[in-house]
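The values are calculated or read from the model by the stated rules, or taken from the named source; none is laboratory data. These numbers were taken from a predicted model, which means no experiment stands behind them. Cβ sites come from the backbone with ideal geometry, for glycine too, and all protein chains shown count toward neighbours.
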Amino acid sequence: MDQKRPILSNKIYLYLTEFFAGMSVMAVELGASRLLAPYFSSSQIVWTIIIGTIMIAMALGNIYGGRSADKNPNPDRLYARIIVAAIWIALIPVVGKYIIIGISGLLIFTVNSNFLIIAGFVTCMVIFVFPLFLLGTVTPSLVKYTMDSLSDSGRTVGNLNAFNTVGSIIGTFVPTFISIPTVGTAITFLVFAGILLTLSLIYFISSHISIKKMKKVPVSILIFILCCVFGHNDSFAFWDKDLTYEGESIYNYLQVYEDDTKVALSTNVLFGVQSIYMKEKHIAEAYFDYAMAGPLMAGINEKDRPLDVLILGMGTGTYATQCSRYLKPINFTGVEIDQKITDLSYEYFHFPKDIPVITYDGRAYLNAVKDKYDVILVDAYQDITIPFQMSSVEFFRLVKDHLRDDGVMIVNFNMLGDGSINEYLSDTIASVFPEVRIVPVPNFTNTELFAMKNDTMMDTFHRNIALLDDLNLQYFMERVEANLYSYQGGKHIMTDDKAPVELLGIKVIDSMIAEEVSYYKDIYKKEGLKGLLNALQN
């Protein structure tokens, strides 16, 4: 033990160092998922990239930390590394999103496939590996400083690992349930950077190190203060200044924006829309208008009672609002896993509070209730973030069990592409339901699928179109009827055991990116960087 560092004679301080290091690693990991989600989604693939790169960083840190402690067992070096890690983490909310955009911009013109995987991995390596590598040096270094003799080595290592594990547990729960939903991802990074910085400052101040040796400490404090000033902004869409709302929940990054005709919600993707509220009664020929065919297929105009409709993935209530404007009275029940989205629906989307919305997972809700419905809308898919438990044979059987005999299931697919995730989902559904009809939504990436227990769907649909009072809706539904086609199931069946929804989704993302950037790639090949910049500006 270094007698010139009396604070190290108290093992509690060393255990606290281990505790806060473990806590910060997990906090940064969870913060990384939220930082990347608006740009790369929050799928299992992104989580795999984050966990993998962090494990690489920690492993290399463990190796370096052990060798460094043996070669030069000066604790000043360890706490200096913690300061560097703290400042790096504090800089993430200041420059992280710009780095992500820069890396994506470079790779999008050079990568032909698996863009999301490669861009996510490179981003993680650039932003997160170095600070977590430094924090990975903590445990082997502290083993060196806390071990009095070989006789207590097992107990010492065990205590350090216990403190690290407890810190990691707390570092998992605090960002998820407290700091990120309350103050956002940016401030979460700053809070844990501040904890690490304070921990190291206590060490250096208590050790009475000369000002000359501590000259980097004031600089670190200044940088941290500047990060707090410039990094507290939780805006991910830094180029968009006209957002009505931007924030975070336990599950999602959230954007609300509006214009003269509509209010829209995006979740985790800056360029996609998950919910739209039309300010005036209007058929926008969007996915929610096409989905209004479902109640007609269930015979809404022939029944002497309101239809019972369940919406799994209620969002801000777009579908319920549109149906209420055009169709006979319907008893809606909504299931939405994100309470924050439900709150936004009341605040910005004029959603009526008398419609019950249950904060729950869609499949778990079906397992918990025995009610039967005339229509069940499955609208829980976001880009490649498709919950596998709501894409399997077992799930669709559960939906079928909750439908009345003449009931209809509607599934909103939100990605284009044959031979991809849509085909797998359609094959899976067709293996459960005897009648399946599909209609693509022109000018949108959506496709609507309708499934029924028997073969009366189209006859009922035709009769109920004729009974509509609104001529505009009647004309639109006649067009929907004309474009519906029967789907015959294939061999791509997904189960709870095997549902590769993320990998299938990536194929679609790759094709969409290739299509979008092909124009700019041609300009770059012909006119070089100058021509590309001119095209982007125009």
Residue satisfying condition, being part of a helix (DSSP H, G or I), more than 19 Å from the chain's Cα centre (by Cα) and not small (Gly, Ala, Ser), within set THR182, THR139: THR139
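Of everything in the range 315-327, what is in contact (Cβ under 8 Å) with a residue 60 or more places away in the chain and either assigned to a loop (DSSP other than H, G, I, E, B) or within 28 Å of ASN252 (Cα to Cα) (or both)? Give them in sequence order. First the steps, then the outcome.
Restricting attention to the range 315-327, the residues satisfying the condition of being in contact (Cβ under 8 Å) with a residue 60 or more places away in the chain are 315, 319, 326.
Within the range 315-327, GLY315, TYR319 meet the criteria.
Counting residues that are among the aromatic types (Phe, Trp, Tyr), which strands (runs of 3 or more DSSP E) fully inside the range 328-441 reach at least 3?
On the way: elements: 330-335, 373-378, 403-413, 435-440.
Where strands (runs of 3 or more DSSP E) fall fully within the range 328-441, none carries at least 3 residues being among the aromatic types (Phe, Trp, Tyr).
Mind telling me which of the residues ALA80, ALA86, ALA37, ALA57 ends up being touching a strand residue (DSSP E or B) at 6+ places or on another chain (Cβ under 6 Å) and assigned by TED's automatic domain parsing to the domain that holds ILE187?
Numbers: ALA80 fails: touching a strand residue (DSSP E or B) at 6+ places or on another chain (Cβ under 6 Å); ALA86 fails: touching a strand residue (DSSP E or B) at 6+ places or on another chain (Cβ under 6 Å); ALA57 fails: touching a strand residue (DSSP E or B) at 6+ places or on another chain (Cβ under 6 Å).
Criteria check complete, one pass: ALA37.
If you scan the range 442-461, which residues turn out to be assigned to a helix (DSSP H, G or I) and not hydrophobic (A, V, I, L, M, F, W, C)? Lay out the reasoning, then the answer.
Pass one, the range 442-461, residues assigned to a helix (DSSP H, G or I): 457-461.
Scanning the range 442-461 gives ASP459, THR460.
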Identify all residues within the range 153-199 that are buried (at least 18 other Cβ atoms within 10 Å of the Cβ) and charged (D, E, K, R); write none if there are none. none
Within the range 89-105, identify whether any single residue is crowded, with 16+ Cβ neighbours inside 10 Å, in the same structural domain as TYR203 (by TED's automatic domain parsing) and among the aromatic types (Phe, Trp, Tyr), and answer yes or no. no
Only one of VAL129, VAL84 is farther than 25 Å from GLN44 by Cα, of a type outside the set (S, T, N, Q) and touching a Ser or Thr at 6+ places or on another chain (Cβ under 9 Å), namely VAL84
